[in-house]
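Worksheet for the structure shown next.
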Amino acid sequence: MRKTIQALKRRRLRCQETGSIPCYWWSYALITGNLILVAFLLLDAPVGSYVTRTPRLLESVGETITDLGKSGWIIFATLLIFFEAVAAYRLSDRMKGRFQALLVAHLAAYVFFSVALSGLLANLLKRMIGRARPMLYDEWTSFGLHSFAGSRFESFPSGHATTAGALMMAMALIAPSYRLLFLIMALWVGFSRVIVGAHYPSDVIAGLALGAGFSVAMAIVFSRHGLLFRQRQDGWPVLRRPIPLVMRPDRANTVFPPRGIPSRPEMARRTEQETRRSRLRRVFVGGWYPRVGNGTLIPLRGYRGPWFPAGRSRRSPE
């Protein structure tokens, strides 16, 4: 046992040093396969027998959430954003605007390819496998298979769960600070398919894993072409440059103003500071520079006092 653990550690270190492929693929495949197997053996049969007795309230909640797993609105939105970004890139006359438009175009293209291609793969697999849906449990049980027999035999893997997994993993790679939120959203969208009686738990787990893995693979493809991502030493894709809009504020190093009403000594100190500033403003006002002896302009703004002659001097060149 000790030799096996040491061999696994050496293999992981070699993988981290080379960085040729992500070191997480084998562990990811092993964990996913075991979760699917456990759900297939322990959870699918109870869900199939209970699907006709789901409470109406719970079913309405599932129907409200499950529409978020449709890929149509995601594909349409990403295509619209992509073409808008391309148009902005061509119309912008500033280099900064072009770079921003190019970044938005790359983000939209990445999300589009992750969702669209993973959805195509899931639809192909579910038609080839042909697993019966939970509504046919009494006739086919959870082991019934019938390839290319229509939508009633397209249960494994879940297409909605694949879309949710692909979208949320893509968002987690783009905004890693909010990855826990995206994980919760993916689980809710995925298992809403179980609530409405359209899929078994194993179908949802397989769909989420397929979509998430496809988004990671697509990020690796983008990184190898120098687009949007780069690979760490262990092979995991990360953004080449963090996006400010999706970063959480660094509250540990950020100084915030004190809460509540300040105390009376603090208010007196602030009043004294404001009084000093107002006095300085009376001295250094306007945009005028006084002229001295040999015509030199000194950087004091409009000082009016006995040391300099009254009247306006010419402005300093800007």
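One line per residue, one yes/no per condition, for (1) in contact with a helix residue (DSSP H, G or I) (Cβ under 7 Å, 6 or more places away or on another chain); (2) in contact (Cβ under 8 Å) with a residue 12 or more places away in the chain; (3) not charged (D, E, K, R):
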residue: Leu80; (1), (2), (3): no, no, yes
residue: Ala105; (1), (2), (3): yes, yes, yes
residue: Phe113; (1), (2), (3): yes, yes, yes
residue: Leu136; (1), (2), (3): yes, yes, yes
residue: Glu139; (1), (2), (3): no, no, no
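Okay, residues lined up against (1) of a type in the set (Phe, Trp, Tyr); (2) closer than 21 Å to Arg241 by Cβ; (3) touching a Phe, Trp or Tyr at 6+ places or on another chain (Cβ under 8 Å):
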residue	(1), (2), (3)
Ile81	no, yes, no
Glu84	no, no, no
Arg94	no, yes, no
Leu103	no, yes, no
Ser114	no, yes, yes
Asn123	no, no, no
Gly130	no, no, yes
Within region 65-85, can you find the residues that are surrounded by fewer than 16 Cβ atoms within 10 Å (Cβ to Cβ) and over 20 Å from Leu187 (Cα atoms)? Phe76, Ala77, Leu79, Leu80, Phe83, Glu84
Being touching a Gly at 6+ places or on another chain (Cβ under 6 Å), at pLDDT 90 or above and not polar (S, T, N, Q), is that true of even one residue in region 209-225? yes
Scan region 86-96 and give yes if some residue there is more than 26 Å from Ala45 (Cα to Cα), of a type in the set (Lys, Arg) and in a helix (DSSP H, G or I), otherwise no. yes
Among Asp203, Asp234, which is surrounded by fewer than 20 Cβ atoms within 10 Å (Cβ to Cβ) and of a type in the set (Asp, Glu)? Asp234
Only unsatisfied item for Ala219, checking (1) under 20 Å from Arg133 (Cα atoms); (2) surrounded by 24 or more Cβ atoms within 10 Å (Cβ to Cβ), is (1)
Any residue that is modelled with pLDDT of 85 or more, charged (D, E, K, R) and not in a loop (DSSP other than H, G, I, E, B) - is there at least one of those in region 46-59? no
Can you pull out the helices (runs of 4 or more DSSP H) entirely within region 112-202 that have at least 2 residues that are under 19 Å from the mean Cα position of the chain (by Cα) and not charged (D, E, K, R)? 159-174, 179-195
For region 70-104, name all the residues that are aliphatic (A, V, I, L, M), closer than 28 Å to Ala161 by Cβ and under 17 Å from the mean Cα position of the chain (by Cα). Ile74, Ile75, Ala77, Ile81, Val104
Positions within region 57-78 being without any contact (Cβ under 8 Å) to a residue 40 or more places away in the chain and of a type in the set (A, V, I, L, M, F, W, C), in sequence order: Leu57, Trp73, Phe76, Ala77
Does Leu107 satisfy the criteria of being within 22 Å of Ala217 (Cα to Cα), in a helix (DSSP H, G or I) and over 21 Å from the mean Cα position of the chain (by Cα)? no
Among the residues of region 138-164 satisfying the criterion of being among the hydrophobic types (A, V, I, L, M, F, W, C) and surrounded by 23 or more Cβ atoms within 10 Å (Cβ to Cβ), which is farthest from Ile36 (Cα to Cα)? Ala164
Top-ranked residue of region 26-64 - restricted to ones that are of a type in the set (Gly, Ala, Ser) and within 18 Å of Arg131 (Cβ to Cβ), ranked as surrounded by the most Cβ atoms within 10 Å (Cβ to Cβ): Gly48
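The values are calculated or read from the model by the stated rules, or taken from the named source; none is laboratory data. Only a predicted model underlies this, so the values are computations on that prediction, with no experimental measurement involved. All Cβ positions, even for glycine, are placed from backbone atoms using ideal geometry, and neighbour counts span all protein chains on display.
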